[in-house]
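The values are calculated or read from the model by the stated rules, or taken from the named source; none is laboratory data. Keep in mind it's a predicted model, so treat the numbers as computed, not measured. Here Cβ is always computed from backbone atoms with ideal geometry, including for glycine, and neighbour counts include all displayed protein chains. Ligands, DNA and RNA are stripped out before the accessible areas are found, and what is left, the full protein with its side chains, is counted by its heavy atoms. Shrake-Rupley method; radii C 1.70, N 1.55, O 1.52, S 1.80 Å.
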Amino acid sequence: MRSVWWQEGVFYQIYPRSFQDSNGDGIGDLEGIIARLDHLNDGTARSLGVDAIWLSPFYRSPMADFGYDVADYTDVDPIFGTVSDFDRLVVEAHRRNIRVIVDLVPGHTSNQHPWFLASRSSRKDPKRDWYIWADPRPGGGPPNNWRSIFRRAGAAWTLDAHTGQYYLHHFLPEQPDLNWWNDQVRGAIDDVMRFWLDRAVDGFRVDVASGLIRDQQLRNNPRLRFRGWPRLRNWDLDEVHEIHRRWRKVLDSYPGERMAVGEIGVRDLRRLVRYYGADDELQLSFNFHFLEQPWKADRFQRVVERWEALLPSAAWPDYTLSNHDRSRATTRYGEERAGAAAVMLLTLRGTPFVYYGEEIGMVDVPIPRDRILDIDGRDPERTPMQWDGSVNAGFTTGAPWLPLAADATKRNVAAQRDDPASLFSLYRRLIWLRKESAALRRGSYRTLPAPSGVFAYAREAEGERVFVALNFGKARRRVSPGSGEGRVLVSTDHARDGDGVDLGGFALAADEGVVVAPR
Ligand code: GLC
Ligand code: CA
């Protein structure tokens, strides 16, 4: 199999509001990201060494959903900078061999987007059909029983008194859904993609990519025994795949392996793999199962094995432990497990997505009541990046938009940089090891027999073989991944790096993860 940058590389998600503020307004911006690119990859093993960044939205937006409510797809919000700042960011990233993908939010716009303002202005407006409008049901009330994904938003419908109809929104009322049955909408989003592809972006992370298409007759979701009201009529419909094939054509019309990764909100892996199509849809579909597993070896092993078994042969897996919508991995599993989690994420067969701050073990930050901003409780995992021990952790000279972690003076990049035992050092060792190892970047995957509480596997390519063993438990465990002499390439216990081991049997400490290779 020919492999390409988005298969072999490590992605890093930046939430622009929280990465680095450059002008003291307390909110991160593009200029700030540029200033911190050397942290991500300066070409040496002192930097993290990631190969690509995914930027959450920085477009013009009233920020009802912090940028996922886009009012202009082809402009940068003044809070974040300008389009020319963006161009500079791409140049500076590319100079460091960092690819750049941007968030494409095709499912909905802001209610302030000119398309929606036109659409709501009159039932006769040419853009009326760009959104989904429907009459109240007989006797009044929303047209059907669809609910917003945000529990607190309630019904997925809001009445617009001006024209007497309801409009559909699967998130906030400030985020009206585009009507993807409409060809002009499809064309308009193609244009948005081309705008950014022309500015040399390497691809997209596609927001809510499995939504988009809804039952045209707007029928109610039926109630199923034991399952409540699953979104059978407004989610993951077959017709959405046609849109993904269309996007793939746009991507393929550009040189240089442009790609997209879909946020596919579909739990069932059998349905998730359908989003790879016949290698003619988006190149990657996010597998979110790691975000939902308890810290148990057999649970992670099962996700990996099922994913490996179900993926079509041309399709490439991916893994992620954290993002801007979920509690951070270090909070979910506990600090002492962050190391083994990193070893797993960065050594499985598949593209790893690292969330900003994960490399230093950032945790969810409790938000005082009067500072809560997000309707869906996601502020704790979006707090400012912790760079150093100074005021506001070097994130801003002003008042940060969200509070910093209480431990930011201790847990930060500067404090971990020269400490070989730090999590940041472990991330760097793992990422730089991948660069040297074809087995880790593109090798095959095979589960190895292991004692209970241990997840072990082999990666193999072109005569190179690497074993990984992860102790999920608190007891020492003996593993025997092979035979003969081996060497520790990386361990969560850095003192073990380079040690010789007997592959026929060696011990793993509590919470330890190791990568070993035959001598
Ligand atoms: C996606 C984003 C999330 C956003 C939602 C609506 O799930 O990841 O942050 O709120 O879409 O755009
Ligand atoms: Ca700023």
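Computed quantities for the displayed model
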read-out	value
On Cα atoms only, tilt of 83-95 relative to the major axis of the chain in degrees	20
Förster radius 60 Å - calculated FRET efficiency between Asp25 and Arg519 (Cβ-Cβ, nearest 0.05)	0.65
Distance in nm between pseudo-label sites at Phe226 and Ser452 (7 Å out along the Cβ direction from Cα)	2.6
Residue-span extension gain [Arg137 to Ser327] - 0.36 nm each, minus C-alpha spacing	64.6 nm
Where Ser3, Ser22, Ser61 fall by accessible area, highest first, once all protein chains stay in place (1.4 Å)	Ser22, Ser3, Ser61
Spin-label model distance (nm) - Asp75 vs Asp418, 7 Å beyond Cα toward Cβ	4.7
Tail weight of P(r) past 21 Å, computed on alpha-carbon pairs of the range 189-314, percent	49
Computed Kirkwood radius, in angstrom, where 1/r is averaged over Cα pairs of the range 20-174	17.8
Farthest toward positive dipole pole in the chain [+1 Lys/Arg, -1 Asp/Glu at C-beta], among Ile431, Gln184, Ser322	Ser322
Placed amide H near Arg487: partners under 5 Å, 5+ positions off or other chain	Val501, Ala517, Arg519
Rounded accessible area of Thr409 (nearest 10 Å², 1.4 Å probe)	90
Linear extension gain, Asp298 paired with Glu92, 0.36 nm per residue minus alpha-carbon span	69.9 nm
Rg/Rh (Cα only; Kirkwood hydrodynamic radius) as it applies to the range 396-466	1.19
Length-normalised contact order of the range 176-281 in % [C-alpha pairs under 8 Å, at least 6 apart]	32
Per-selection metrics, the chain (Cα): Rg and Dmax in Å	23.5, 78
For the range 239-376, convex hull volume per residue from C-alpha positions, Å³	146
Helix axis angle, 240-252 relative to the chain longest principal axis, alpha carbon, degrees	70
Dimensionless Rg/Rh of the range 377-519 - Kirkwood Rh, Rg from C-alpha atoms	1.09
Dipole magnitude of the range 136-249, debye to nearest 20 (Cβ charges: Lys/Arg +1, Asp/Glu -1, about Cα centre)	620
Relative contact order computed over the chain (Cα-Cα under 8 Å; 6+ residues apart), in percent	13
Label zone at Arg219, where the point sits 7 Å out along the Cα-to-Cβ direction: the range 103-146 residues whose backbone N lies under 18 Å	143-146
Heavy atoms of Ser491 accessible to a 1.4 Å probe, total area in Å² rounded to 10	0
Cα coordinate range in the range 446-500, projected on the principal axes (Å, largest first)	35, 26, 18
18 Å Cα-Cα reach of Lys435 towards aspartates and glutamates, excluding residues that sit fewer than 8 places from it in its own chain	Glu8, Asp38, Asp42, Asp51, Asp318, Glu359, Glu460, Glu462, Glu464, Asp497
Cβ crowding within 10 Å averaged over residues, with 169-176, 334-341 ranked highest first	169-176, 334-341
Inter-centroid distance (Cα atoms) of the range 72-125 relative to the range 176-192, Å	15
J(HN,Hα) series, the range 140-156, from Karplus relation 6.51 cos²θ - 1.76 cosθ + 1.60, nearest Hz, glycine and proline x	x, x, x, x, 7, 9, 5, 10, 5, 5, 7, 3, 5, 7, x, 5, 7
Lys, Arg +1 and Asp, Glu -1 on Cβ, resulting dipole of the range 448-519 about Cα centre, debye, nearest 20	260
Most to least packed among 190-202, 420-432, 116-128 [average Cβ atoms within 10 Å]	420-432, 190-202, 116-128
Paramagnetic reach from Ile375 in the range 35-68 [backbone N under 15 Å; point 7 Å along Cα→Cβ]	62-68
Shape call, the range 115-195: gyration tensor on alpha carbons, a/c limit 1.5	oblate
Student exercise, the chain dipole from Lys, Arg, Asp, Glu Cβ charges, in Debye to nearest 20	1680
Spatially proximal lysines relative to Lys296 (Cα-Cα < 18 Å; intrachain offsets below 8 disregarded)	Lys474
